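Only one structure is covered here, and it is reproduced in the block below.
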Amino acid sequence: MERNELYHVVGLFLLSMVTLTCDFSGFTFPASIFSGLAQIVSYAVMVIAPSYVIADIAVQLTGS
């Protein structure tokens, strides 16, 4: 993995952590839909980003 790609993955991971800690309960109708969507995407990033980094490390260690 290139350094620039790693920075993007780490940045998305940190952004998802911030999004999950925010309180979106005060939003009204249009914003509440987007806040729910943002939380779903954040949960997905929290699972996929570390898996992506771990898989890349495993590939580099095995030399495949």
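The values are calculated or read from the model by the stated rules, or taken from the named source; none is laboratory data. Predicted, not measured: the structure shown is a model, and the values here were computed from it. Just so you know, the surface numbers come from the protein's heavy atoms only, side chains and all, with ligands and any DNA or RNA stripped out. Shrake-Rupley method; radii C 1.70, N 1.55, O 1.52, S 1.80 Å.
The phi torsions of region 7-23, fed into the Karplus equation with coefficients 6.51, -1.76 and 1.60 and a -60° offset, translate into couplings of 4, 5, 5, 5, x, 5, 4, 5, 5, 5, 5, 5, 5, 6, 8, 6, 9 Hz, rounded to whole numbers, with Gly and Pro shown as x.
Taking every C-alpha pair closer than 8 Å and separated by at least 6 residues, the mean separation divided by the residue count of the chain gives a relative contact order of 43 percent.
Heavy-atom accessible area, probed at 1.4 angstrom with all protein chains present, ranks D56, D23 as D23, D56, highest first. Segment T28..D56, full-extension length gain: 6.0 nm, with 0.36 nm per residue of separation and the alpha-carbon distance subtracted. Of the residues S25, S35, S51, the one that moves most in a GNM of the chain with alpha-carbon contacts below 10 Å is S25. Counting protein heavy atoms only, the chain has 73 percent of its accessible area on carbon and sulfur, 1.4 angstrom probe.
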